[in-house]
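The structure appears right after this line, and notes come after that.
Nothing in this text is a laboratory measurement; each read-out follows from the coordinates by a stated rule. Computed from a predicted model, the values in this text were never measured in an experiment. Here the Cβ positions follow ideal geometry from the backbone for every residue, glycine too, while neighbour counts run over all protein chains shown.
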Amino acid sequence: MFGDAAPGFRACESTQTYRVERLSAADAGACLDGLVALLRDVVDGGASVGFLPPLDPAAAAEYWVAAIRAVAAGTRVLLAAVEDGAVLGSVQADLAPMPNARHRAEVMKLMVHSVARRRGIGGALMRAIEDAARAMGRTLLVLDTRRGDAAERLYERLGYVRAGVIPRYARGAAGSLDDTVLFYRELWDGVANVRQE
Ligand SMILES: CC(C)(COP(=O)(O)OP(=O)(O)OC[C@H]1O[C@@H](n2cnc3c(N)ncnc32)[C@H](O)[C@@H]1OP(=O)(O)O)[C@@H](O)C(=O)NCCC(=O)NCCS
């Protein structure tokens, strides 16, 4: 599936510090092992990103192959933070397909490897996915996160607006049903001819 990816892949070249790159499907295929390792690290660390620990490598790979297919189909944007050939973090934006929703995207699966946190990578990934969304005319971002997690503080710091809390939304690693916080952010600044009021 990704057999032609490796020769042209630039995102995993060695660098002194991390950089955020938008991955094509071919790029992501070449980084599949790193993406799988990232997802497993985050899930096995107890994060609420859809899976429960322990995350089987095959299940993680299956998730990424589906995500990469969505990238190839043009319905998903995938960014990665890469340093010295390692995938330190990633984030995705799912582009709402319906005719009345083409100004909207859902930000999902923001993840930074546990060894790379508190260096600003999460914030950098979020700013980069906002730039990518804005460039595609997606001016409303929506997302959700488990109440009390580091991501909740991050989104508030970045200017996301709390739309509300859904109680007992998702099961946590310890078996509890945890609340989720819904956030949104409008990206009107710098976008011409988008909002007429
Ligand atoms: C949420 C998550 C992505 C944040 O990633 P991160 O790279 O640590 O994010 P940042 O470094 O930008 O910010 C995190 C904190 O580090 C601080 N920080 C940033 N740069 C820093 C630096 N150079 N030195 C010290 N602290 C720093 C930030 O102020 C922030 O502090 P806070 O937690 O008190 O708000 C990460 O914790 C994660 O992957 N969690 C598990 C997955 C998850 O829950 N994802 C959300 C799904 S919705």
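Could you list all residues from the range 107-138 that are more than 10 Å from the ligand (Cβ to nearest atom) and buried (at least 19 other Cβ atoms within 10 Å of the Cβ)? Working first, answer last.
Quick first cut of the range 107-138, residues more than 10 Å from the ligand (Cβ to nearest atom) only: 115, 128-138.
Once the filter is applied, which keeps residues that are more than 10 Å from the ligand (Cβ to nearest atom) and buried (at least 19 other Cβ atoms within 10 Å of the Cβ), the range 107-138 yields Ala128, Ile129, Glu130, Ala133, Arg138.
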- Query: Within the range 130-149, can you find the residues that are farther than 24 Å from Gly45 by Cα and either outside any loop (DSSP other than H, G, I, E, B) or among the charged types (D, E, K, R) (or both)?
  - Reply: Glu130, Asp131, Ala132, Ala133, Arg134, Ala135, Arg138, Leu140, Leu141, Val142
- Message: What pairs come out if I take residues in the range 131-148 that are under 16 Å from Leu110 (Cβ atoms) and pair them with residues that are in a loop (DSSP other than H, G, I, E, B) and among the aliphatic types (A, V, I, L, M) whose C-beta lies under 7 Å away, six or more apart or interchain?
- Response: Ala133/Leu187; Leu141/Leu187
- When you go through (1) hydroxyl-bearing (Ser, Thr, Tyr); (2) part of a helix (DSSP H, G or I); (3) crowded, with 20+ Cβ neighbours inside 10 Å one by one for Tyr63, which number turns out not to apply? (3)
- Query: Considering the range 23-47 alone, what residues qualify as being within 13 Å of the chain's Cα centre (by Cα) and within 23 Å of Thr145 (Cα to Cα)?
  - Reply: Leu35, Leu38, Leu39, Val42
- Query: Quick one: which of Gly148, Gly159 is more than 11 Å from the ligand (Cβ to nearest atom), touching a strand residue (DSSP E or B) at 6+ places or on another chain (Cβ under 9 Å) and of a type in the set (Gly, Ala, Ser)?
  - Reply: Gly159
- Note on the structure: Taking the range 78-93 and the residues there that are within 9 Å of the chain's Cα centre (by Cα) and of a type outside the set (S, T, N, Q), the one that is farthest from the ligand (Cβ to nearest atom) would be Leu78
